[in-house]
Amino acid sequence: MSAKPKGRKARKPTQASAPSSFSPYEVDMTATAEAVYTELHRKAKEAENQGNYSSTHITTFEMIRDAVKRLIPNDPINKSHALRGDLSNIFRLRKGRLRICWIASSKMRRVCILLISESLRKEGDSNDPYVVFQNMIDSGTFDSLFADFGVRMARLRNPTLAPSTKPH
């Protein structure tokens with residue numbers, strides 16, 4: 001009678017990097033997202049020039065830069081980043097109060113970052129980043145991008161309906 005080994009089973013080795021034929025998606029930004037990115041970069045550089053390397057501006061910008069340059073382009077359509085409901089087909093990354101929302105096209109291998117927000121998330125508040133984002137969508141701000149990327153929205157908006165009478 002042989003004894004079973006104690007402890008965890010050995011894991012199969014995982015592939016450390018993607019195949020060499022893999023290339024990250026190209027990343028574009030809306031003017032709004034680019035303005036936030038540029039302002040955060042400016043604040044980080046200012047803190048760096050003052051020798052304040054522990055500044056939250058530097059930390060925040062490094063998180064955003066990592067997301068924009070590495071995380072999002074390498075796996076933009078990961079379902080763990082997908083929003084639901086009215087915002088389905090849009091993806092988001094969140095870290096603390098930071099929110100980055102984007103759309104992606106696997107055919108074009110492109111990503112467009114629609115929104116970068118540092119606003120506090122408070123459901124129901126008019127400054128909630130998702131309320132602001134939904135208002136931008138409802139106003140038609142991103143319609144041409146959605147068409148270019150082939151992104152379908154969960155429901156059609158109808159600007160003539162009052163908010164309380166919109167279909168659920």
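Any read-out appearing in this document is the output of simple, stated calculations on the displayed coordinates, not a laboratory observation. Model, not experiment: these values are computed from the prediction. Because the Cβ atoms are built from the backbone with ideal geometry, glycine has one as well, and the counts that use them run over all protein chains shown.
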So who's got an amide H within less than 5 Å of the one on residue 89, skipping anything under 5 residues away but keeping other chains? H placed 1.01 Å off N, in plane. 83
Non-local amide H neighbours of residue 27 (under 5 Å, H modeled in plane, Pro and chain starts lacking H): which ones? 111
Check each of the GluC sites (Glu not before Pro) in region 32-81 and keep only those in coil by DSSP with at most 16 other C-beta atoms within 10 angstrom; list them in order. none
Spelling out what I want: for every residue of region 95-104, take phi, set θ = phi - 60°, compute 6.51 cos²θ - 1.76 cosθ + 1.60 (Karplus), and round to whole Hz; glycine and proline get x. 9, x, 8, 7, 10, 10, 10, 8, 10, 9
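What shape does region 26-153 take by its C-alpha gyration tensor, where a ≥ b ≥ c are the square roots of the eigenvalues and a/c under 1.5 counts as rounded, a/b above b/c as prolate, and the rest as oblate?
Judged from the Cα gyration tensor, region 26-153 comes out prolate (a/c at least 1.5, a/b above b/c).
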3J(HN,Hα) from dihedral phi, region 137-142, Karplus parametrisation 6.51/-1.76/1.60, rounded to Hz, x for glycine, proline: 5, 4, 7, x, 3, 9
Under a 5 Å amide H to amide H cut-off, with H placed in plane at 1.01 Å, what residues pair with residue 128 once short-range neighbours are removed? 122
Residues 81, 41 arranged by fewest to most Cβ contacts within 10 Å: 41, 81
Phi angles of region 72-84, converted by Karplus (6.51 cos²θ - 1.76 cosθ + 1.60, θ = phi - 60°) into ³J(HN,Hα) in whole Hz with x for Gly and Pro, give 5, x, 7, 7, x, 10, 5, 4, 5, 9, 6, 7, 10
Could you check what % of the DSSP bridge pairs in region 26-153 are antiparallel, to the nearest 5? 75 percent
Only counting other Cβ atoms within 10 Å, I'd like 98, 40, 145, 120 sorted with the fewest neighbours first. 120, 145, 98, 40
